[in-house]
Amino acid sequence: MLAAAFEALSQTFSPLLRGLLLKSVALAILVLAALGVGLEAALTHFVDIPTYPWIETTLAVVAGLGLVFGVFYLVPAASSLVAGFFADDVAERVEAASYPDQPRGTPQPVLRSVAYSIRFFGVVLAVNLAAVLLLLVPGVNVIVFYVANAYLLSREYFEMAAMRYRTPEEARALRRANATTIFIAGLVISPILLVPILNLITPVFGMAYMVHLHRRLAPLPDAGTRRIEAEAAAIR
């Protein structure tokens, strides 16, 4: 598992994935900026106390500091959304470079991939906003942030990697059958989320890592079967 993580990390910064990494980081920053603006608007609304200007100013300063921490906690949500736009491109390059003699996966339809990411984005956003609310409970919020994102992001990235070779139902079944291993892999991804700036590589690194893990956990479906299923899906 660690060998797969180191291989994915080296590929993330290599020419193989560098272009996708830069695009992913740029999009993640835009998503974070949008989330930050929304969070600031919400804080401003609740800080409005015109009768006592000094209290309003104090609360505004506190809210500003809270915004900084809040954006940090929104990185996993941004990562889950960004992953949907680059998952297949990352997987395609990793498969070609690391498994040239094995069958390539089939890219997901764009709408399905984006819809999948948006659904996960909502879940991850809700969990991490809950972690923000736990800032007043030192230690607990960090544990919640670390463990919850290890589970959520590893689940999303693994299913995306598996769905290149399987139906969504089969990918979920495979993930459930290997739930402990995949969660432990998520614990390898989560520490990166704790490092500012570096945490922006999460969508590319996480996807590359899960491509390797998927290959190690399960044999690929028969190529002929995949072709027949693809043709049947096209007819439908």
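The values are calculated or read from the model by the stated rules, or taken from the named source; none is laboratory data. These figures come from a predicted structure and were not determined experimentally. Accessible surface areas use protein heavy atoms only, side chains included; no ligands, DNA or RNA. Shrake-Rupley method; radii C 1.70, N 1.55, O 1.52, S 1.80 Å.
Keeping all protein chains in place and using 1.4 angstrom, which order do E169, E92 fall into by accessible surface area, from largest down?
If we order E169, E92 from most to least accessible, we get E169, E92.
Through the Karplus equation 6.51 cos²θ - 1.76 cosθ + 1.60, θ set to phi - 60°, convert the phi angles of segment 160-170 into ³J(HN,Hα) values in whole Hz; use x for Gly and Pro.
For segment 160-170, the Karplus curve yields 5, 5, 5, 5, 6, 10, 9, 6, x, 5, 5 Hz.
Report in % the part of the accessible area of segment 171-214 that belongs to carbon and sulfur, leaving out ligands and nucleic acids; probe 1.4 Å.
In segment 171-214, the share of accessible area belonging to carbon and sulfur is 72 percent.
Taking θ as phi - 60°, what are the ³J(HN,Hα) couplings along segment 185-202 by the Karplus curve (6.51, -1.76, 1.60), each to the nearest whole Hz, with x for Gly and Pro?
Calculated HN-Hα couplings, in order: 4, x, 5, 7, 6, 4, x, 5, 5, 7, 9, x, 6, 4, 5, 6, 7, 3 Hz.
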